[in-house]
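S.K.: Below is the structure I would like to discuss, written out as structure tokens.
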Amino acid sequence: AQTVTQSQPEMSVQEAETVTLSCTYDTSENNYYLFWYKQPPSRQMILVIRQEAYKQQNATENRFSVNFQKAAKSFSLKISDSQLGDTAMYFCAFMKHGEWAGSYQLTFGKGTKLSVIP
Amino acid sequence: DAGITQSPRHKVTETGTPVTLRCHQTENHRYMYWYRQDPGHGLRLIHYSYGVKDTDKGEVSDGYSVSRSKTEDFLLTLESATSSQTSVYFCAISDTVSSGRSSYNEQFFGPGTRLTVL
């Protein structure tokens, strides 16, 4: 079974600054995906960024980037130029890949509550 | 946004009563999932479906049953609700997406249902 650990229950950052959210995972799989989801106060789950384990290059999406360290099983999210709209819960999630159906379920961490301070 | 609706969006019920939550999609995606979200636990998988009438248990399936008689609908039933089932319930859908030489399976989430069992 996979486990995902987010060691920072809460974080805060000043507007326009950079913040990094940590995530570690444990798996014996070699082929998998990692995701960061954002959940604002509206409760909607929004995909922020995706990383394929076989890719060494770190994924980026505008102000969001990841630092993927496969050997260390670490997957941190960096948010640059933080904006008030980035205030949300952030969840790290793991998905096995390459098997049928049931392997496409997500295993989530417990989340990090990020507050962006004006 | 992916076409996923959940009904009802809010429900208050009493211990021992049956409750059915509905997830409806217009995307014709093969896979559907039910998660529950509780403070300090992130999202945890209850049940999932990989086709019409094809379902399987997730991490926290005790006390829940599901049915999928049509591609577009996935029902979650609490046969006899308990206070420990007070939670926010999310439905998700997914299908395989081809991206160059690789393929992946990305989940899209519904708006959630807040269930309170008194």
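S.K.: May I ask you to derive the relative contact order of chain B, considering only C-alpha pairs under 8 Å and at least 6 residues apart, and to give it as an integer percent?
M.R.: Details: 304 pairs, mean separation 39.8, N = 118.
Relative contact order of chain B: 34 percent.
S.K.: Who wins for biggest fluctuation among A:71, A:93, A:59 in a Gaussian network model of chain A, springs between alpha carbons below 10 Å?
M.R.: A:71
S.K.: Straight-line reach only, C-alpha to C-alpha below 20 angstrom: list the aspartates and glutamates that residue B:11 could link to, leaving out same-chain residues fewer than 8 apart.
M.R.: Partners within reach: B:38, B:73, B:79.
S.K.: Counting Lys +1, Arg +1, Asp -1, Glu -1, what net charge surrounds residue B:39 among other residues with beta carbon under 11 Å of its beta carbon? Before the final figure, lay out each step's value.
M.R.: Working: positive: A:110, A:113; negative: B:38.
Summing Lys/Arg as +1 and Asp/Glu as -1 gives +1.
S.K.: Which GluC sites (Glu not before Pro) in the stretch A:1-80 sit in a loop by DSSP (not H, G, I, E or B) and have at most 15 other Cβ atoms within 10 Å of their own Cβ? Kindly include the intermediate steps, with their values, before the conclusion.
M.R.: Working: sites: A:10, A:15, A:17, A:29, A:52, A:61; in loops: A:15, A:17, A:29.
When the GluC sites (Glu not before Pro) of the stretch A:1-80 are filtered for loop state and at most 15 Cβ neighbours within 10 Å, A:15, A:17, A:29 remain.
S.K.: In a Debye calculation with equal point scatterers on the alpha-carbon sites of chain A and no solvent, what is log10 I(q)/I(0) at q = 0.12, 0.18 Å⁻¹?
M.R.: -0.40, -0.88
S.K.: Rounded to the nearest 5, what % of the DSSP beta bridges within the stretch A:1-114 are antiparallel ones? Present the calculation step by step, with values, prior to reporting the outcome.
M.R.: Numbers: 34 of 36 bridges.
Of the beta bridges lying entirely in the stretch A:1-114, close to 95 percent run antiparallel.
S.K.: Spelling out what I want: for every residue of the stretch B:47-64, take phi, set θ = phi - 60°, compute 6.51 cos²θ - 1.76 cosθ + 1.60 (Karplus), and round to whole Hz; glycine and proline get x.
M.R.: My calculation for the stretch B:47-64 gives 8, 9, 10, 10, x, 4, 6, 10, 9, 8, 7, x, 5, 10, 8, 4, x, 10 Hz in order.
S.K.: Still on this structure, I have one more. Which Cα, out of B:37, B:17, B:51, lies furthest along the positive dipole direction of the stretch B:1-53 (beta carbon charges, K/R +1, D/E -1)?
M.R.: Projecting each Cα onto the dipole axis, the largest value belongs to B:51.
S.K.: If the cut-off is 29 Å between C-alpha atoms, which lysines fall inside it for residue A:55, apart from same-chain ones fewer than 8 positions away?
M.R.: A:38, A:70, A:73, A:78, A:96, A:110, A:113
S.K.: In whole Hz, what ³J(HN,Hα) sequence does the stretch A:27-36 give by Karplus (6.51, -1.76, 1.60; θ = phi - 60°), x for Gly and Pro?
M.R.: 7, 9, 6, 10, 10, 7, 10, 10, 9, 10
S.K.: Quick one: 3J(HN,Hα) in Hz for the stretch B:32-46, Karplus 6.51/-1.76/1.60 with θ = phi - 60°, rounded, Gly and Pro as x.
M.R.: Working through the residues one at a time gives 9, 9, 10, 10, 10, 10, 10, x, x, 10, x, 9, 10, 6, 9 Hz.
Just so you know, all these numbers are worked out from the coordinates, no wet-lab data involved. All of these numbers come straight from a predicted model, not from anything done at the bench. Neighbour counts run over all protein chains shown; Cβ positions are idealised from the backbone, glycine included.
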